[in-house]
Amino acid sequence: MTSKLLAAAALLAASLSTHAASIVAPTATFAGTVITFNEFDGLVTAGALDLGHGVTLTATPNVVVGQNAFDLGDNGLWTGFASTPDHDGHFVSTAFTTPRGEVGFSFAAPVSSVGAFVNQFQGYGKTNNSMLVVAYDMDGNTIESFSVSPNTAADGYDEGVFVGFHRAQADIYGFGLVNGSFVVDNLTIAAVPEPTTTALALAGLGVAGLVARRRRTA
């Protein structure tokens with residue numbers, strides 16, 4: 001029984017350490033440090049920008065930090081007057097001169113969960129818009145990525161989708177949004193809570209093993 005429990009513990013630990021989930025949701029799915037961009041007011045940047053909380057923004061040209069209005073075509077309009085849990089006031093907007101522009105966020109300390117509320121320009125009468133969402137490791141390699149095609153009301157205001165990643169371990173050092181013209185608000189980051197899920201799960205297996213041994217000797 002002990003060897004079986006140890007094997008189960010090893011398999012569980014391995015499963016938890018590699019577990020990851022992409023996030024595409026109407027609103028934020030986890031709590032953490034939120035960067036609202038409200039302290040910026042139309043700053044145009046094409047380099048590195050310190051956002052505080054150990055977060056640095058990097059971008060290709062034509063990115064505005066602290067934008068207050070942006071036309072998203074068939075996906076509606078974003079304004080600086082929004083007041084929701086996911087979009088509140090100023091935001092980041094892009095108008096890239098090449099299709100594969102990127103807004104990136106790097107973290108001084110790794111996080112396990114990262115996401116942001118976004119929307120993307122969609123041509124009138126079209127539905128083929130697509131943006132790439134990427135998580136990077138400490139060396140800049142892609143850990144995970146997926147594509148999402150925001151589709152909101154053409155006459156709507158401040159609508160969008162929350163996209164990101166949730167992983168069982170804090171190994172995300174960068175978060176990127178790529179392709180087309182889009183808007184980003186309320187970047188949210190969180191580290192692994194203590195005690196970790198893995199520790200709790202292994203502790204549970206330990207208790208199960210103790211109970212099993214007592215039953216055999218009773």
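The values are calculated or read from the model by the stated rules, or taken from the named source; none is laboratory data. These numbers were taken from a predicted model, which means no experiment stands behind them. Virtual Cβ from ideal backbone geometry, glycine too; neighbours counted across all protein chains shown.
Numbers for the structure displayed
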quantity: Matching residues, the stretch 90-119, being modelled with pLDDT of 95 or more and part of a loop (DSSP other than H, G, I, E, B); calculated: 90, 112
quantity: Residue satisfying condition, being in contact with a helix residue (DSSP H, G or I) (Cβ under 6 Å, 6 or more places away or on another chain) and either under 28 Å from residue 190 (Cβ atoms) or modelled with pLDDT of 95 or more (or both), within set 168, 82; calculated: 168
quantity: Filtered residue count, the stretch 120-162, keeping only those that are among the acidic types (Asp, Glu) and not in a loop (DSSP other than H, G, I, E, B); calculated: 1
quantity: Flag for residue 48 being out of contact with any Pro (no Cβ under 9 Å at 6 or more places or on another chain), of a type outside the set (Val, Ile, Thr) and without any contact (Cβ under 8 Å) to a residue 24 or more places away in the chain; calculated: yes
quantity: Leading residue by the ranking (modelled with the highest pLDDT) among those in the stretch 12-39 that are polar (S, T, N, Q) and more than 16 Å from the chain's Cα centre (by Cα); calculated: 38
quantity: Residues satisfying the stated conditions in the stretch 149-188, i.e. of a type outside the set (Phe, Trp, Tyr) and touching a Pro at 6+ places or on another chain (Cβ under 7 Å); calculated: 160, 161, 170, 171, 172, 179, 180
